[in-house]
Structures are given as C-alpha cells and as structure tokens.
Amino acid sequence: MVTPQSLQESGKLSFGSIDSVGTAFHGNFNLVDKSFDISKSEAYHLSIQLCKTGIAYSVLDIERNKYLAIENIELNNPLGFTFPVNAMQRAFNDNSVLRSKFKSVSAAYVDNQATLVPTAIFDEGKAGEFLQLNLNNEKGTFDAGLASTHKGEFANDTLSELKSVNLYYFSEEAKNLLQGAYQNIVIRHHSSILIQSAMLRYKNQHKKVLLVHFHKDSFEILAIDENQLTLYNSFSCQSKEDFVYYILYVCEQLLLNPEKIETEVIGELDKNSSYYSMLYTYIRNITISKRPDNFEYSYQFEDLPAHYYYNLFSQYLCV
C-alpha cells in the first residue's frame, strides 16, 4: 500500500484492468490533492464503501468543504458471496490513510439484499421474515441458512422522509472490523445513502425522473415523481441485455415512455461502453450526472468521470 508521502507524490491514478463495461476506475487507483496532509487527518471526514470485491474511500477537508483524496482497493474474493473480512483487515492494516484518526468517519455497506419497510408495520423481531418476503429471485433471495453460517445481524436505517426503514443483513465480522478501527463510526447500507441523496437532489423539482445507479455486476433504479419516491429496486447485472431489459421493464410497469422519460445515470458506467450504447438505443433522454455540487473537489479528480463514485461522495450528506 501507498504511504501518505507516496500518495502526495503520485497524485494521479494507477489504472486497473478495464472490465466488461469499459470502466478503468474499477481497479486499484488513487487520486490525491497535493494539499492532503495526513498529519491533519483529525480535521478530515473519512467516507468508506465496502463491497465484496473491494474497499473505496474518500477524504473530505471539512473546513474547506473540499474532497482531497479517493482510493479504490480491489480484494481477492474468489467465492464472491461473502465479505472477504481477512483481506479487508489486511488492507486496513497496510493502508496509512485508513489507519489514521479522523474527525468523523462513515461507512456504507454494499450489497443488493435490502428492503424498504413502512415504519408503521416494521417489527425488528420479524426482520428475517420481511427480507424473505420482499427479496425475490431477481435480486438474490435472502438465504436464512447462509446467514446462519456467516455470522451477522439484521440492521436498519431510518429514512424519515419516506416514513420507512431500510432493512438489511450485516456481516458481524465486517461490523467489528469497522467499529474496531474507528470510534463513533456511522454505518449505513449504501442504498440508504443513494435514496436520501436522490431525495435531496430532486427536492422541490416538480418532474418525473429515473435515476440509474450503476456499479460492478449490479445497479439500482429509482423513480421520482413530484418529489416522491415511487420506486426503488436493485438488480443483478451480468450483461448489457440484462441491464436494458430491467430498465425497460420498470418503464413498462410505471407507464413511462422510454423515449421521453428523463433518465439520469450515476455510478461507474462508462459512456463509451456497450452498456451505455445499448441503453441509449432504447432510452433517449439520458443525462450523465455530475458529482454532488455541495462540495469542491481536487483538481486531481479531473481524470475521474464526474458521475463515478457518486454515492461515496454523497455519504457525508446522509450520515
């Protein structure tokens, strides 16, 4: 892993391999502002994103309201269905930034096994039943047997603006890793961040919009109509045909004209990829999003497409 000094000296990224959707920023890379000073970490906020294939983090200078660093660390996880906690622990131990003490820290847990439950009917004692009821085969059915062999716990995030809770199952080892590394860390499911940031983004905008958030092997769709979330769903995605099929299916179910509905793309989808080209064949009114305009960003981020890692940059707004 890089040291703070080498981060500052390198500045620009080192490209990983370009994957099937044409995104160079899925591999190992780091982008760091020359003003980043690890000795001042207690003036910074650290946002972490954990998924089954890696760790991404960003560093915000709170006083200047400016993002100074982002890094993505790929992890070897051949099994794929569990979080590689041992590899994550090594990454945390080896990375001088992640070892530092920050003013505040948040983390988002990324998987597609979460469901929204109205607050009025939510019962923590029936969390497993809610997940089994709401997660279907398209999303990857919640497997209580698998959960019992991989220690974890049910967790939920309150989404007051929706009068709902977002319910999910969280690896106990991953939770212990994060809480052991950082005092008072705020942990949320990545979909809670996505939904809350979308509601903030489209607040007081009286229109219909589809928001498509793409990341490796899966994506989410949010439908917003007159400041109201009318749909949220996540999908596994193994091909561009899967990707476009599910978006068209959502349009059909919501009676939206795919040639006219305003569709905004965020996340790690390359505009030059076959996925985007096929999407544009059927969905004509597409906007490529930009980073949250609540912050300033280091000039070193110029090579990073502005819609990439949108959820990571939005974390600070939602914790």
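The values are calculated or read from the model by the stated rules, or taken from the named source; none is laboratory data. Keep in mind that what you see is a predicted model, and the values were worked out from it rather than measured. Here Cβ is always computed from backbone atoms with ideal geometry, including for glycine, and neighbour counts include all displayed protein chains.
Could you list, in sequence order, all residues of segment 37-59 that are more than 14 Å from LEU75 (Cβ to Cβ) and either free of Cβ contacts under 8 Å to residues at least 60 places away in the same chain or not assigned by TED's automatic domain parsing to the domain that holds LEU177 (or both)? Residues satisfying the conditions are ASP37, SER39, LYS40, TYR44, VAL59.
Against the condition modelled with pLDDT of 95 or more, surrounded by 15 or more Cβ atoms within 10 Å (Cβ to Cβ), farther than 23 Å from GLY27 by Cβ and out of contact with any helix residue (DSSP H, G or I) (no Cβ under 7 Å at 6 or more places or on another chain), how does VAL209 come out, does it pass? Yes: the conditions hold for VAL209.
Results for (1) modelled with pLDDT under 95; (2) surrounded by 15 or more Cβ atoms within 10 Å (Cβ to Cβ); (3) within 19 Å of ILE195 (Cα to Cα), shown as yes or no for each residue.
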{"position": "VAL110", "(1), (2), (3)": "yes, yes, yes"}
{"position": "GLN113", "(1), (2), (3)": "yes, yes, yes"}
{"position": "GLU129", "(1), (2), (3)": "yes, no, no"}
{"position": "ASN137", "(1), (2), (3)": "yes, no, no"}
{"position": "GLY140", "(1), (2), (3)": "yes, yes, no"}
{"position": "HIS150", "(1), (2), (3)": "yes, yes, no"}
{"position": "PHE154", "(1), (2), (3)": "yes, yes, no"}
{"position": "ASP157", "(1), (2), (3)": "no, yes, yes"}
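Residues that are surrounded by 14 or more Cβ atoms within 10 Å (Cβ to Cβ) and either touching a residue at least 60 places away in the same chain (Cβ under 8 Å) or among the hydroxyl-bearing types (Ser, Thr, Tyr) (or both) within segment 248-276 comprise TYR249, THR263, GLU268, LEU269, ASP270, SER273, SER274, TYR275, TYR276, listed in sequence order.
Restricting the search to strands (runs of 3 or more DSSP E) fully inside segment 32-80 and requiring at least 2 residues that are among the charged types (D, E, K, R) gives 66-74.
Could you tell me how many of the residues in segment 291-303 are out of contact with any Lys or Arg (no Cβ under 9 Å at 6 or more places or on another chain) and either surrounded by 13 or more Cβ atoms within 10 Å (Cβ to Cβ) or within 13 Å of PHE214 (Cβ to Cβ) (or both)? Final tally of qualifying residues: 2. Return a yes/no flag: does segment 176-190 have any residue that is touching a strand residue (DSSP E or B) at 6+ places or on another chain (Cβ under 7 Å) and in a helix (DSSP H, G or I). Within segment 176-190 (the criterion being touching a strand residue (DSSP E or B) at 6+ places or on another chain (Cβ under 7 Å) and in a helix (DSSP H, G or I)), the answer is yes, since at least one residue qualifies. Residues in segment 166-207 that are of a type in the set (A, V, I, L, M, F, W, C) and either more than 18 Å from the chain's Cα centre (by Cα) or not assigned by TED's automatic domain parsing to the domain that holds PHE122 (or both): LEU177, ALA181. Checking the stated criteria, PHE243 turns out not to satisfy the condition of being of a type outside the set (Val, Ile, Thr), assigned by TED's automatic domain parsing to the domain that holds ALA69 and buried (at least 20 other Cβ atoms within 10 Å of the Cβ).
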